[in-house]
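Enquirer: The structure under discussion is supplied below as structure tokens; questions concerning it will follow.
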Amino acid sequence: MQEKIIGVTGHRVLPKFSQICLRVREVISGLVQQTDRLVILSPLAEGADRLVAIEVLKFPNTSLRVVLPLEVEDYCQDFTSPASLAEFQSLLEQAEEVKVLAPAENRNLAYEAAGRYVVDHCDFLIALWDGCKTHNKQGGTAEIVAYAGNKQKPLYWINSECGQALK
């Protein structure tokens, strides 16, 4: 069985949520037609990581693999509400595989390692990104998109500010 792995990177806050969901579904619908099995590889952070994972899992013959930048207990400290924590735990329970990366010197390095792991282990990357390179925070979306470009990874860019797909 041929499988394709979709990676995800993106912002935690998505102003045009419904438009972005629609564009993500369109991208996934096209990818589902190109393979027997579609896998989403996600760190399950709030925002983009979860949105894409949830949308992929709505399609048949899909599954979730999770890569965590930190141990679960530590990672959960980054979630903003009990509802967010519950959503994370629900998705984590649906994962066919969970990988926790080796400890890093600090949180930003841990997030960077997770983003690079996603890029290195996916066939396509979906980026829910505003396109702003001045936000180039270590481990942030701009850095991971640039890393994917350097690796010549196929990228589906959905602008997080307007919901437009900009492949």
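Enquirer: Using the structure shown, decide if ALA165 is small (Gly, Ala, Ser), surrounded by 13 or more Cβ atoms within 10 Å (Cβ to Cβ), touching a helix residue (DSSP H, G or I) at 6+ places or on another chain (Cβ under 7 Å) and modelled with pLDDT of 90 or more. Write out each step before concluding.
Expert: On the way: small (Gly, Ala, Ser): yes; surrounded by 13 or more Cβ atoms within 10 Å (Cβ to Cβ): yes; touching a helix residue (DSSP H, G or I) at 6+ places or on another chain (Cβ under 7 Å): yes; modelled with pLDDT of 90 or more: no.
Against the criterion (small (Gly, Ala, Ser), surrounded by 13 or more Cβ atoms within 10 Å (Cβ to Cβ), touching a helix residue (DSSP H, G or I) at 6+ places or on another chain (Cβ under 7 Å) and modelled with pLDDT of 90 or more), ALA165 does not qualify.
Enquirer: Could you list, in sequence order, all residues of segment 130-157 that are outside any helix (DSSP H, G or I) and modelled with pLDDT under 85?
Expert: Of everything in segment 130-157, those that are outside any helix (DSSP H, G or I) and modelled with pLDDT under 85 turn out to be ASP130, GLY131, CYS132, ASN136, LYS137, GLN138, GLY139, GLY140.
Conditions (1) buried (at least 19 other Cβ atoms within 10 Å of the Cβ); (2) touching a residue at least 60 places away in the same chain (Cβ under 8 Å), marked per residue:
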| site | (1), (2) |
| --- | --- |
| LYS16 | no, yes |
| LEU22 | no, yes |
| ARG25 | no, no |
| ARG50 | yes, no |
| CYS76 | no, no |
| PHE79 | no, no |
| PRO82 | no, no |
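Enquirer: Return the pairs, sorted by first residue and then second, in which the second residue is of a type in the set (Lys, Arg) and in a helix (DSSP H, G or I), the first residue lies in segment 144-158 and is within 15 Å of TYR117 (Cβ to Cβ), the beta carbons are less than 8 Å apart, and the residues are 6+ apart or on different chains.
Expert: Note: pairs meeting the criteria are ILE144/ARG116; TYR147/ARG116.
Enquirer: If you don't mind, another one. Starting from residues that are over 17 Å from the mean Cα position of the chain (by Cα) and of a type in the set (A, V, I, L, M, F, W, C), keep the ones in segment 86-108 and report whichever is surrounded by the fewest Cβ atoms within 10 Å (Cβ to Cβ).
Expert: ALA102
Enquirer: Shifting gears a bit: Which of the numbered conditions does ASP123 fail, given that it passes all the others? Conditions: (1) in contact (Cβ under 8 Å) with a residue 24 or more places away in the chain; (2) surrounded by fewer than 18 Cβ atoms within 10 Å (Cβ to Cβ); (3) more than 15 Å from the chain's Cα centre (by Cα).
Expert: Tallying (1) in contact (Cβ under 8 Å) with a residue 24 or more places away in the chain; (2) surrounded by fewer than 18 Cβ atoms within 10 Å (Cβ to Cβ); (3) more than 15 Å from the chain's Cα centre (by Cα), ASP123 fails exactly one: (3).
The values are calculated or read from the model by the stated rules, or taken from the named source; none is laboratory data. In this text, all values refer to a predicted model and were calculated from it rather than measured experimentally. Here Cβ is always computed from backbone atoms with ideal geometry, including for glycine, and neighbour counts include all displayed protein chains.
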